[in-house]
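Colleague: Questions regarding the structure given below will be posed in turn.
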Amino acid sequence: MNDASWGTPSRAGQWGSADRHTPFPAGPVREAAGAAQTRPMPIVPDAGGDQEDRDQGAAHLSGPLFRDERDERDERDDRDHRDARDRGEPDIRPHEPAAPAPQAPKAGKKSAGRDLRAAIGVGLGLGAVIVASLFVYKPVFLGVVVIAVVVGLWELTSRLAERKGIRAPLVPLAIGGAAMTVAGYVDGAEGAWVAMALTALAVLIWRMTEPPDDYLKDVTAGIFAAFYVPFLATFVALMLAADDGAWRVLTFLILTVVSDTGAYAVGWRFGKRKLAPRISPGKTREGLIGAVLFAMVAGALCMRFLIDDGVWWQGLLLGLAVAVSATLGDLGESMIKRDLGIKDMGRLLPGHGGIMDRLDSLLPTAPVVWLLLVAFVGTG
């Protein structure tokens, strides 16, 4: 018997072309043959192997029979699943395991990315040391600034050497940075500029004692480090030198800390739109708005109650400028750390990273606050 006789009945109620070519005799024999045709064909279990082997095996055993049976079964499955979909039931085939449903993030659970307890404890300890030294004896606070400058230079030059092979000379940078800060406090801006020029010259000469390979790269990084850390820190010494210098420095510190805190609090709670995703993915536009609002309010209060002859609206402008400069400073160091491929500049401060990770927003903000305070209330 031809395997093609297991085809689909025609509209006239006759079977396929095989019936026309192989007629049955009338009577019991034909009835028996018809009964045999109506019995379902047993399904042969899959013997394994790849799909091509299985298809060839089925064709060898019964020709189109097994393919037709698979097609009818697939059509029936498709029809059943369409009916299930119309009834609102999940459209998942029985032989396909359902993919596990993704777990939704738990509401209200956001990670700060750091040990907040350690960060708060270290922050409070540093704040106590700074405020105590600031109001007890100004030179003590100046010593704290010098120590921060030297440690910051050590962290920066160490990371440059580890990650980029850049050998910025630390000794002339540390000596020149300390001298630069003291000169700013004693002789003002002129003394700071002279110390900066002498530090750059010392970097050029010191590097000459080593082989000339990468000389230009090393001295360029050294001069950048001298400007980035001690020269910008010199403006804190310039503020300190005024008669009400302690209050000016305190205002500078309060505004910078409040700006960072406002950015963190608002960004953590409401932040959705990224501010600079390629530089610092954690910063958001909402966080920047929070920094501006918090700093402007703090600026108005500080100018009104801490600075002699200060006016509240001056504090609004001061707070706005601090929020912008602190954010740019933070992004600037994030750019440096991304280029170096590191998360923190150091590990000296638990929960904060290194000294440079705390100076990132303070350093570029210092000249901004110094300049605006001079413009608003004079040099003091």
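The values are calculated or read from the model by the stated rules, or taken from the named source; none is laboratory data. Computed from a predicted structure; not experimentally measured. Reconstructed Cβ throughout: ideal geometry from the backbone, glycine too, with neighbour counts over all protein chains shown.
Colleague: Scan the stretch 293-320 and report the pairs whose first residue is touching a residue at least 24 places away in the same chain (Cβ under 8 Å) and whose second residue is among the charged types (D, E, K, R), with Cβ atoms within less than 6 Å and a gap of 6+ or a chain change.
Modeller: Partner pairs satisfying both residue conditions: ASP308/ASP244.
Colleague: Please tell me if ARG278 is free of Cβ contacts under 8 Å to residues at least 12 places away in the same chain and either surrounded by fewer than 22 Cβ atoms within 10 Å (Cβ to Cβ) or of a type outside the set (A, V, I, L, M) (or both).
Modeller: Numbers: free of Cβ contacts under 8 Å to residues at least 12 places away in the same chain: yes; either surrounded by fewer than 22 Cβ atoms within 10 Å (Cβ to Cβ) or of a type outside the set (A, V, I, L, M) (or both): yes.
Yes.
Colleague: Can you work out which of the residues in the stretch 318-369 that are among the hydroxyl-bearing types (Ser, Thr, Tyr) and out of contact with any Asp or Glu (no Cβ under 7 Å at 6 or more places or on another chain) is surrounded by the fewest Cβ atoms within 10 Å (Cβ to Cβ)?
Modeller: Out of the qualifying residues, it is SER334.
Colleague: Give the residue that is farthest from THR256 (Cα to Cα), with candidates limited to residues of the stretch 109-140 that are in a loop (DSSP other than H, G, I, E, B) and at pLDDT below 90.
Modeller: LYS109
Colleague: For the stretch 195-226, what are the residues that are out of contact with any helix residue (DSSP H, G or I) (no Cβ under 7 Å at 6 or more places or on another chain) and hydrophobic (A, V, I, L, M, F, W, C)?
Modeller: ALA197, LEU201, ILE205, MET208, LEU216, PHE224
Colleague: Which residues, counting only those in the stretch 239-283, are polar (S, T, N, Q) and modelled with pLDDT under 95?
Modeller: Hits for the stretch 239-283 are THR261, SER280.
Here's the yes/no breakdown for (1) assigned by TED's automatic domain parsing to the domain that holds LEU232; (2) hydrophobic (A, V, I, L, M, F, W, C); (3) under 14 Å from LEU373 (Cα atoms); (4) within 17 Å of the chain's Cα centre (by Cα):
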position	(1), (2), (3), (4)
LEU275	no, yes, no, yes
GLY282	no, no, no, yes
ALA300	no, yes, yes, no
LEU316	no, yes, yes, no
SER325	no, no, no, no
LEU331	no, yes, no, yes
MET335	no, yes, no, yes
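Colleague: Quick check on my filter: what residues within the stretch 127-157 are free of Cβ contacts under 8 Å to residues at least 12 places away in the same chain and closer than 20 Å to ARG347 by Cβ?
Modeller: Scanning the stretch 127-157 gives a single hit, ILE147.
Colleague: Of the conditions (1) surrounded by fewer than 21 Cβ atoms within 10 Å (Cβ to Cβ); (2) not in a helix (DSSP H, G or I), GLY143 clears all except one; give me its number.
Modeller: (2)
Colleague: Which ranges mark the helices (runs of 4 or more DSSP H) fully within the stretch 182-295 that have 2 or more residues being within 21 Å of VAL131 (Cβ to Cβ) and either in contact with a Phe, Trp or Tyr (Cβ under 7 Å, 6 or more places away or on another chain) or among the aromatic types (Phe, Trp, Tyr) (or both)?
Modeller: 232-240, 245-270
Colleague: So in the stretch 183-232, with the set limited to residues that are among the small types (Gly, Ala, Ser) and without any contact (Cβ under 8 Å) to a residue 40 or more places away in the chain, which one is surrounded by the fewest Cβ atoms within 10 Å (Cβ to Cβ)?
Modeller: ALA197
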